[in-house]
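Working notes, beginning with the structure itself.
The values are calculated or read from the model by the stated rules, or taken from the named source; none is laboratory data. Values in this document were obtained by computation on a predicted structure and should not be read as measured data. Because the Cβ atoms are built from the backbone with ideal geometry, glycine has one as well, and the counts that use them run over all protein chains shown.
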Amino acid sequence: MKSQMKFSAITAFVTILLLVATSSLQPLSAQRSAIAVNGEGKPELQVKFIGSTGDYLFFELVMQQGDDSRSSLRIRNENGSELYSESVFLRNSVRKLKIAKDEAEKIEFVYNTSRGEVRKMVEIKIKLQEAIEVKDITKL
């Protein structure tokens with residue numbers, strides 16, 4: 001009876017050990033494939049308009065490259081005038097930038113790395129809304 005209990009306890013232990021071992025291998029292989037995909041080094045640039053306040057427009061930029069080598073970010077208006085430039089040395093970077101509303105109708109974001117270049121162009125149209133206020137001024 002004791003040998004049967006030992007055998008079933010050992011079997012249960014081995015089964016649990018195998019389950020733990022195989023479940024921990026899956027994330028490892030998934031992590032390796034993710035590294036291989038990102039290891040290509042092609043730059044990525046995401047530009048998101050996050051709002052405006054007063055005379056400024058606010059943008060969030062997310063930049064990704066394959067390694068921590070030097071890359072550059074440039075922002076230009078439709079005339080080619082540079083509004084902003086920066087050297088970036090990180091694999092993943094996030095920047096929040098403000099640009100004056102009157103500086104451009106079109107803005108080009110250029111992210112350049114040793115493995116390529118990404119360009120994003122946005123057009124800015126500011127629409128003013130007419131506000132009408134009506135209030136009762138009747139005196140009783």
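One residue stands out among those in the range 81-140 that are among the basic types (K, R) and assigned to a strand (DSSP E or B): the one that is farthest from L61 (Cα to Cα), which is K106. May I ask you to list the residues in the range 69-83 that are of a type in the set (G, A, S) and surrounded by 11 or more Cβ atoms within 10 Å (Cβ to Cβ)? Residues satisfying the conditions are S69, S71, S72.
With respect to E86, is the statement that it is surrounded by 11 or more Cβ atoms within 10 Å (Cβ to Cβ) and over 22 Å from S52 (Cα atoms) true? Judged against the criteria, E86 is a match.
Looking across G51, G41, G66, one residue alone is of a type in the set (G, A, S) and either modelled with pLDDT of 90 or more or closer than 27 Å to K101 by Cα (or both). It is G51.
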